[in-house]
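Each remark here refers to the structure printed beneath this line.
Rule-based calculations on the coordinates, nothing more; no lab input. No experiment lies behind these values; they were computed from the predicted model shown. Ideal geometry is used to build each Cβ from the backbone, glycine not excepted, and the neighbour counts take in all protein chains shown.
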Amino acid sequence: MSRWNYLWISLAMAVADQATKAMVVARFSDDSSVSIIPGFFRLVRVENRGIAFGMFSDSPSPVASVILVLVSVAAIVLVGVLLWQNQPAAIRTGAGLALILGGAAGNLIDRLARAHVVDFLDFYVGSYHWPAFNIADSAISIGAAALLWDLLVAQPARHRAA
């Protein structure tokens, strides 16, 4: 797959993330929710000033926000370089990096435009509650899983075969 195709995947992921967040912001107040699967999944609106899954969101420091933006920019540059250097035959690695790049870009856009990230996917079972997340977080997680698969399963199998 060509490098440009991976960049299109990243762009599509960032656009899908921003489109879903715009719909949530337009239709949900901070205290509203819509149950999709009762007892398991609902749509909410959460303004996350921290990192993934709400970590460090309680920090009132404006320095923390600047650091999060700088770390996001550094991560985007690093992933972009890795994606550009990726071998065309390494499709899973390229796709994983593309998803991470698109997700990181989607969340960075939120940080720059809103000073927080909009999360809206809320899963729970009984008293167990997973922190709300968004499409960008999902892309980053799936991309990271693809990279881990390559590192832990696919590459060792290739080395055994060689």
The stretch 66-111 - convex hull of the alpha-carbon atoms, volume per residue in Å³: 48
Alpha-carbon radius of gyration plus Dmax, which is the widest Cα pair, for the chain in Å: 17.3, 57
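Assign unit charges at the C-beta atoms only (+1 for Lys and Arg, -1 for Asp and Glu), then state the dipole size of the stretch 1-156 relative to its Cα centre in Debye, rounded to the nearest 20. Each step should come with its number before you reach the end.
Working: 9 positive and 10 negative charges, 60 e Å.
So the dipole magnitude of the stretch 1-156 works out to roughly 280 debye.
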With Cα atoms, 0 to 90° folded angle of helix 91-114 axis to the chain main axis: 30
Principal-axis tilt of helix 3-27 within the chain, Cα atoms, nearest 10 degrees: 10
Listed residue (G103, G39, V118) projecting farthest to the positive dipole end of the chain, Cβ model: G103
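Given contacts defined as C-alpha pairs under 8 Å and at least six residues apart, what's the relative contact order of the stretch 1-110, whole-number percent? Walk me through the intermediate numbers first.
Values: 97 pairs, mean separation 42.3, N = 110.
Result for the stretch 1-110 is 38 percent.
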Tilt relative to the chain, helix 135-149 - C-alpha long axis, 0 to 90 degrees, to 10: 30
Protection-proxy order for peptides 89-97, 69-77, each taking the mean of Cβ atoms within 10 Å per residue, highest first: 89-97, 69-77
